[in-house]
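Undergrad: A single structure is presented below for examination.
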């Protein structure tokens, strides 16, 4: 009986050790991937000119008047936001990340 208990304990310890090694390796690669993605996002974050260009394109498509003083740009280093004042309230109308700017309107 004691020999079976020892065998079970050793088997459990072996499984736990293998799981630890597996998760340690996965965690290492996941951490490396997150760091690489953060560096890419930091260096490819669109600037104010890209946001203004996209907003000008949207204005032409929608044939709407958007006053420049109502448009704000927030840079968070890894992504950026374009905001517009509507009735004194700031509303996000665009998001920039990884070199692209996406705009949206919720009317």
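The values are calculated or read from the model by the stated rules, or taken from the named source; none is laboratory data. The model shown is predicted, which means the values in this text are computed figures rather than measured ones. We place every Cβ from the backbone using ideal geometry, glycine too, and count neighbours over all the protein chains shown.
Undergrad: Residues of the stretch 39-52 being part of a helix (DSSP H, G or I) and free of Cβ contacts under 8 Å to residues at least 40 places away in the same chain, which ones?
TA: Initial filter on the stretch 39-52 (part of a helix (DSSP H, G or I)): 39-43, 48-52.
Once the filter is applied, which keeps residues that are part of a helix (DSSP H, G or I) and free of Cβ contacts under 8 Å to residues at least 40 places away in the same chain, the stretch 39-52 yields 39, 42, 43, 48, 49, 52.
Undergrad: Among the residues of the stretch 75-89, count how many are within 16 Å of residue 104 (Cβ to Cβ) and within 23 Å of the chain's Cα centre (by Cα). Break it down into steps so the answer makes sense when it comes.
TA: At the first step, the residues of the stretch 75-89 found to be within 16 Å of residue 104 (Cβ to Cβ) are 79-84, 86.
Filter again for within 23 Å of the chain's Cα centre (by Cα), leaving 79-84.
Within the stretch 75-89, residues that are within 16 Å of residue 104 (Cβ to Cβ) and within 23 Å of the chain's Cα centre (by Cα) number 6.
Undergrad: Right, something else. Which residue is farthest from residue 44 (Cα to Cα), if the candidates are limited to the stretch 60-98 and must be assigned to a loop (DSSP other than H, G, I, E, B) and modelled with pLDDT of 80 or more?
TA: Residues of the stretch 60-98 that are assigned to a loop (DSSP other than H, G, I, E, B), as a first pass: 63-67, 76-79, 87-88, 98.
Checking which are modelled with pLDDT of 80 or more leaves us with 76-79, 98.
Values: 76: 12, 77: 9, 78: 8, 79: 9, 98: 5 Å.
Here the answer is 76.
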